[in-house]
Each structure stands twice: as C-alpha cells, then as structure tokens.
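The values are calculated or read from the model by the stated rules, or taken from the named source; none is laboratory data. Not measured: the values here are computed from a predicted model. Please note: Cβ atoms are built from the backbone with ideal geometry, for glycine as well, and neighbour counts cover all protein chains shown. With ligands, DNA and RNA removed, areas are computed over all heavy atoms of the protein, side chains included. Shrake-Rupley method; radii C 1.70, N 1.55, O 1.52, S 1.80 Å.
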Amino acid sequence: EIAKKNLHLAMESIYQGKPVNMEKFQARENHLNFLNHEISKFIVSIAATDISFKDEIMIASFYHVVSDIERVGDYAENVMEYSQKLQAQKTNFSEQAIEQLKEMVSNIDLVYENAIFAFEKQDYDAIDACCDYENNVDEFKKQLDLDHIKRLNNNQCSAEAGALYLSLVSNLERISDHMQNVALSIKDYTQKPKRVYAIIK
C-alpha cells in the first residue's frame, strides 16, 4: 500500500508537470527501504531455523515478494524524478498523452489489487485476473509508444519530453510486471512441492 501511494503521488506530479508533496513521498520511500531491510533480515533468520521443505519454499518466495514491492518503490522514485525534469525543462506532456497515462495506471491498479488479493488469500482466480490486466498494461505500453512517436514526428512534442515519456511508460510497465510476480509467487508453495534427487548410478 505504501508503494502504491507513492506511485500515485509520483503520477500526480507527472500530470502537474512538477513534484507534489515531496516530503511525504520521501518519508514513504524511507519507510519502504526500512521495511525491505527489516523484513528481509527476519526472513533470513527464519530460513536459518529447522523448518520444513514446504516452508523453505514459502520463505524463499516471500523474500522475492519483498524485493518486487521494493522495486515498485524504486520505479515510483524514477517517476518522481521525471516530474522534476519536466519542471526543469518547463514542459509538460500533451492532454492526450496524460489521458492515456491515466488509463494505463488504472489498469496497473487492477493488477495491483488482484496481486495483493491473490497473495493474501492464495486465490488462483485472482492470479488469472492479475495476468489478464497485466497483458492489458503490456498492450497499453505498445500503443502509447506508437502514439507518442507519431506526436514526435508531427512536432507535437519536444525531443526531451518525448524521451522522458518513453522512459516513464517503460517504468510503469515494469511496475506491473513486479506486481504480477507477487501474484504468481503463491504458486511456489501452494502447489505440491517437488524434491530434486541426485541420480544414483
């Protein structure tokens, strides 16, 4: 939830063409880094104890989930930096571009919601929904890239703003990927674990 709030604050900064509530954003980012460090440390301490093979798989999966969520926070930081560059360049994205970004973010929210639900409830239907919305995000990225290149070719956007826009869209798509990873992670420990045995000759 903290990572998601920072993503939305960063995107609001993009829409306004300047950073919004930077102190709140940075406080959340610091909190995310703290949680990442402390949860990871705790996971490692559990892994060092005498636990079952299934629990080993679950703990390893949790470690990757923490990393995925922390990466979402990092990409939100990138997005906030893009808003700072927009302000420095005294430019902004077109209304059409912003509307497309809002639609893409709406789909990312649905990826997010289903990923968290799948993780918390170990719900496979939510995984399927998450993957469907993630596919939508992938399609959005392709379309937004094409549309923006057309705007560049028609001199409707500066080269500097164009480069920022393409990087922004790429970052948003990666956020969606990481949240899909969170949903898929439950398959590691909810399915019957398989041991790997050495071949005896």
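Numbers below:
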{"read-out": "Test: residue in segment 14-25 that is more than 20 Å from Ile175 (Cα to Cα), open to solvent by less than 20 Å² (accessible area, probe 1.4 Å) and part of a helix (DSSP H, G or I)", "value": "no"}
{"read-out": "Members of segment 94-137 found to be surrounded by fewer than 15 Cβ atoms within 10 Å (Cβ to Cβ), under 16 Å from the mean Cα position of the chain (by Cα), among the polar types (S, T, N, Q) and closer than 22 Å to Glu12 by Cα, listed by number", "value": "Ser106"}
{"read-out": "Residues that are touching a residue at least 12 places away in the same chain (Cβ under 8 Å) and open to solvent by 30 Å² or more (accessible area, probe 1.4 Å), drawn from segment 26-41", "value": "Arg28, His31, Asn33, Leu35, Asn36, Ile39"}
{"read-out": "Qualifying residue in segment 64-76 (condition: in a helix (DSSP H, G or I), over 23 Å from Ser167 (Cβ atoms), of a type outside the set (Gly, Ala, Ser) and open to solvent by 30 Å² or more (accessible area, probe 1.4 Å))", "value": "yes"}
{"read-out": "Selected residue [of a type in the set (A, V, I, L, M), out of contact with any His (no Cβ under 7 Å at 6 or more places or on another chain), at pLDDT below 90 and part of a helix (DSSP H, G or I)] from Ile116, Ile127, Ile175, Ile149", "value": "Ile149"}
{"read-out": "Looking only at segment 69-93, and only at residues there that are without any contact (Cβ under 8 Å) to a residue 24 or more places away in the chain and more than 14 Å from Ala10 (Cβ to Cβ), the one that is nearest to the chain's Cα centre (by Cα)", "value": "Ala88"}
{"read-out": "Among the candidates Asp55, Asp50, residue that is at pLDDT below 95, exposed (fewer than 14 other Cβ atoms within 10 Å of the Cβ) and either assigned to a helix (DSSP H, G or I) or not β-branched (Val, Ile, Thr) (or both)", "value": "Asp50"}
